[in-house]
Protein chains: 2
Amino acid sequence: MQDKIRIGIVGYGNLGRGVELAVHRNPDMKLAAVFTRRDPKQLSLINKTVKVLPIGQAGKMTSEIDVMILCGGSVGDLPQYGPWFAARFNTVDSYDNHANIPEYYDRMNRAAAKNGKTSIISIGWDPGLFSFFRMLSEAVLPQGKSHTFWGRGVSQGHSAAIRRIPGVKNGIQYTIPNKEAIEQARSGEDSEMKTEDKHVRECYVVAEEGADKESIARQIKTMPHYFAGYKTHVTFITEEELKREHSGMPHGGFVICSGRTGEKEENRQLIEFTLKLDSNPEFTASVLTAYARAAYRLNRTKCFGARTILDVPPALISLSPPEELRSKLL
Amino acid sequence: MQDKIRIGIVGYGNLGRGVELAVHRNPDMKLAAVFTRRDPKQLSLINKTVKVLPIGQAGKMTSEIDVMILCGGSVGDLPQYGPWFAARFNTVDSYDNHANIPEYYDRMNRAAAKNGKTSIISIGWDPGLFSFFRMLSEAVLPQGKSHTFWGRGVSQGHSAAIRRIPGVKNGIQYTIPNKEAIEQARSGEDSEMKTEDKHVRECYVVAEEGADKESIARQIKTMPHYFAGYKTHVTFITEEELKREHSGMPHGGFVICSGRTGEKEENRQLIEFTLKLDSNPEFTASVLTAYARAAYRLNRTKCFGARTILDVPPALISLSPPEELRSKLL
């Protein structure tokens, strides 16, 4: 019997905790250690028997971990320590700074390839599953048009922007796909839709006592880059309502591709992929964990260097062996 | 500049014709020849300049074709000539006889591997894209439950069964997903749903003059294996109505996977993949054609033998090179 795949987690925020839960659901894996920049004593893992170590000790653990799942952020953490880990471990991460993916890929690829390791980058649902569906749709319907919609979900960046306005005590922002735009994408009749036509922004704001609510609402709606140009709704609520109704981390979205086939383009073909997630970090963690299995298998067959979701043969993420997939799932 | 991928088509029915159209939409491919068991003069291609040859001459064309797309049926054609082609050409096919896929895979794998060729089998949407989504969902949410729904679409087998009843002049059957079952799959609350609970069968029948319509309807609804156990609607129409309203070949369906995450399984995660196809054969042909690109590329990198959709790195089906995919699509 094959030993279990030994997983390490770097960074124990919402995503890292999601990975802990996901590893537990996968019978061929076990969690070997969690690495943190905080004081290890401050971390409260679900499984109390798992080692928690300072991130500085990771270098000593190379022979005890098969795949390291990097759960840090894409702005500070991953560009800083990603290549260091890629040189020492097989890794999976959710790097999502779209514009810098090519550069990050090159750095991770060099570090991993030189050291006989395998790194799968930018895994999750966008980038990740959604990237795969955009590519698939374009390959199958080359003259088709594909649209991505995000939401209904919490945008951390927009929520933070609201909270920076004077007089705002707390607030949260949901990005919501515009129903008419979805119908337009399905009909295949649009030519170009901007992100701001495709989404509505819903804000729930707790104002400080005596604050000018009209002014706050105006400042939100006209904020450049974040809200200006969007259809934005602002609702004032109490701190209690915020805690009670808005403490989850739901998200999701659609990739819709509509194309035409036929001698006279008379046939419409519609492909849709939808996610409705009660917990964004737990779902992202579930995808990362499945791809940790692929990183392990790729490395065992000497496929070294960096990969994205587009490079990985799908069967490598499955618990089931290829013969079973062919007989039961195909 | 790289030469175009030279495609051959074996069998020119609805699927073969769809491949001809799809090759035309892909700028890196050209159609080299069509092979048929009929008299070549009887075929009316869209592009009249393409060679049409008797299937017996295919063996002489090995150096003129990069990938052969096998467009025959899964009962008679593919098991008969698939391995012969796999030994001489890179191939793609839509073999869809689910129960016999493992055996067909083995035969194609042996023929292709021994001769340095690459064969991608069982491509299309089910088996094919739907197989991929079932596998993906189970890998990401191992304790989740995934359901496949087919339709609204024409079932050739059920339509033929109706037409065999005495007194029936013509008829067509649509498989339609049951809306309540879809909601149940989305809610994740079902444990087991049978295919007959998940689908409704809608029959449009042209009766011969003087035929006993009540008896026909009863014979349809009670027909074992085909209709018994299903909710079946029978509507009698005229031959003209049948021709006018029911001559298209629409199909589609859903793969819905609902699973739970969280320490107390408190978060529901829903993955849905939907196809709405005006033309089933043209869409299947579009998928086959995209995977012909992958067969060509796999063979160039000496990946010989048989593959399914689960074994092929997704980027291999794309027109765009990997760097472009990383910078634009990821």
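The values are calculated or read from the model by the stated rules, or taken from the named source; none is laboratory data. For clarity, every value in this text was computed on a predicted model and none was experimentally measured. Here the Cβ positions follow ideal geometry from the backbone for every residue, glycine too, while neighbour counts run over all protein chains shown.
Does residue A:182 satisfy being touching a residue at least 40 places away in the same chain (Cβ under 8 Å) and within 30 Å of residue A:266 (Cβ to Cβ)?
Answer is yes for this residue.
Among the residues of the range B:237-275, what is the count of those that are on the phi > 0 side of the Ramachandran plot and among the charged types (D, E, K, R)?
1
Can residue A:35 be described as assigned to a helix (DSSP H, G or I) and crowded, with 24+ Cβ neighbours inside 10 Å?
Answer is no for this residue.
One residue is enough: does the range A:191-201 have a residue meeting the conditions closer than 17 Å to residue A:254 by Cα, at pLDDT below 90 and of a type in the set (A, V, I, L, M, F, W, C)?
yes
One residue is enough: does the range B:245-265 have a residue meeting the conditions more than 14 Å from chain A (Cβ to nearest Cβ), modelled with pLDDT under 95 and exposed (fewer than 14 other Cβ atoms within 10 Å of the Cβ)?
Yes, the range B:245-265 contains at least one residue that is more than 14 Å from chain A (Cβ to nearest Cβ), modelled with pLDDT under 95 and exposed (fewer than 14 other Cβ atoms within 10 Å of the Cβ).
Residues to consider are B:306, B:315; find the one that is of a type in the set (Gly, Ala, Ser), assigned to a helix (DSSP H, G or I) and modelled with pLDDT of 95 or more.
Result: B:315 is the single residue among B:306, B:315 that is of a type in the set (Gly, Ala, Ser), assigned to a helix (DSSP H, G or I) and modelled with pLDDT of 95 or more.
So, in the range A:165-198, exactly how many residues are surrounded by fewer than 19 Cβ atoms within 10 Å (Cβ to Cβ), in contact with a His (Cβ under 7 Å, 6 or more places away or on another chain) and under 16 Å from residue A:224 (Cα atoms)?
0
Taking residue B:227 as meeting all but one of (1) more than 10 Å from chain A (Cβ to nearest Cβ); (2) under 28 Å from residue A:269 (Cα atoms); (3) in contact (Cβ under 8 Å) with a residue 60 or more places away in the chain, write down the number of the exception.
(2)
Is it the case that the range A:213-233 has a residue that's farther than 30 Å from residue B:310 by Cα, of a type outside the set (A, V, I, L, M) and touching a Ser or Thr at 6+ places or on another chain (Cβ under 7 Å)?
yes
Return the residue satisfying two criteria in turn: it lies in the range B:11-70 and is small (Gly, Ala, Ser) and more than 21 Å from residue B:117 (Cβ to Cβ), and of such residues it is farthest from the other protein chains (Cβ to nearest Cβ).
Among those that are small (Gly, Ala, Ser) and more than 21 Å from residue B:117 (Cβ to Cβ), it is B:13.
Output the residue which, of all residues in the range A:62-80 that are in contact with a Leu (Cβ under 7 Å, 6 or more places away or on another chain) and not in a helix (DSSP H, G or I), is surrounded by the most Cβ atoms within 10 Å (Cβ to Cβ).
So the residue we want is A:69.
Of all the strands (runs of 3 or more DSSP E) wholly in the range A:93-204, which have at least 1 residues that are more than 14 Å from every other protein chain (Cβ to nearest Cβ) and among the aliphatic types (A, V, I, L, M)?
A:168-177
Any idea which of (1) touching a residue at least 60 places away in the same chain (Cβ under 8 Å); (2) in contact with an Asp or Glu (Cβ under 9 Å, 6 or more places away or on another chain); (3) basic (Lys, Arg) is the one residue B:276 doesn't satisfy?
(1)
Hey, can you tell me all the residues within the range A:155-164 that are surrounded by fewer than 18 Cβ atoms within 10 Å (Cβ to Cβ) and not polar (S, T, N, Q)?
A:157, A:160, A:163, A:164
Go through the range B:81-92 and give me each residue that's assigned to a helix (DSSP H, G or I) and either touching a Cys at 6+ places or on another chain (Cβ under 6 Å) or aromatic (Phe, Trp, Tyr) (or both).
Once the filter is applied, which keeps residues that are assigned to a helix (DSSP H, G or I) and either touching a Cys at 6+ places or on another chain (Cβ under 6 Å) or aromatic (Phe, Trp, Tyr) (or both), the range B:81-92 yields B:81, B:84, B:85.
Residues in the range B:291-330 that are among the hydrophobic types (A, V, I, L, M, F, W, C), more than 7 Å from chain A (Cβ to nearest Cβ) and touching a residue at least 40 places away in the same chain (Cβ under 8 Å): how many?
8
What's the total number of residues in the range A:266-277 that are under 16 Å from the mean Cα position of the chain (by Cα) and either crowded, with 22+ Cβ neighbours inside 10 Å or more than 7 Å from chain B (Cβ to nearest Cβ) (or both)?
2
Tally up the residues in the range B:1-20 that are surrounded by fewer than 21 Cβ atoms within 10 Å (Cβ to Cβ) and under 20 Å from residue B:94 (Cα atoms), please.
Total satisfying the criteria: 3.
From the residues in the range A:72-92 that are more than 14 Å from chain B (Cβ to nearest Cβ), of a type in the set (A, V, I, L, M) and under 21 Å from residue B:322 (Cβ atoms), which one is farthest from the chain's Cα centre (by Cα)?
A:86
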